[in-house]
1. Taking the range 80-93 as the region of interest, how many residues are assigned to a loop (DSSP other than H, G, I, E, B) and either under 23 Å from residue 105 (Cα atoms) or without any contact (Cβ under 8 Å) to a residue 24 or more places away in the chain (or both)?
2. Out of 71, 17, 23, report the one residue that is assigned to a helix (DSSP H, G or I), surrounded by fewer than 19 Cβ atoms within 10 Å (Cβ to Cβ) and touching a helix residue (DSSP H, G or I) at 6+ places or on another chain (Cβ under 8 Å).
3. Of all the residues that make up the range 52-68, how many are surrounded by 16 or more Cβ atoms within 10 Å (Cβ to Cβ) and either more than 25 Å from residue 22 (Cα to Cα) or in contact with a strand residue (DSSP E or B) (Cβ under 8 Å, 6 or more places away or on another chain) (or both)?
4. If residue 77 passes every condition in (1) surrounded by 14 or more Cβ atoms within 10 Å (Cβ to Cβ); (2) in a loop (DSSP other than H, G, I, E, B) but one, which one does it miss?
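Bear in mind these aren't lab numbers, they're just calculated from the coordinates by the rules spelled out. Remember, it's a predicted structure, so these values are computed and weren't measured experimentally. Note: ideal-geometry Cβ built from the backbone for every residue, glycine included; neighbour counts use all protein chains shown.
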């Protein structure tokens, strides 16, 4: 269960970073909605990270949480914001995802 909470927390981290990106390119009332989404996702992400870290080592939980957020946000940037998807960026994104999987596989 703590790993599932951590995964969901990471997804909310992707959500708050994506909301920030959308708020950056929005204006008026639309920006307010994106910033509200940012605050909601941030709150949920932190609460779930806290709950997961009660059962998992904090170093592992934090590394996996930030890794999910970083990898997911990079993918969202490529898909939603037309950021670069060159070989080296995708290569290092893959190594980040492999590292997250490794931490999960070798944490007791």
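1. Going through the range 80-93 one residue at a time, the tally reaches 5.
2. 23
3. Of the residues in that region, 5 qualify.
4. Failed condition: (2).
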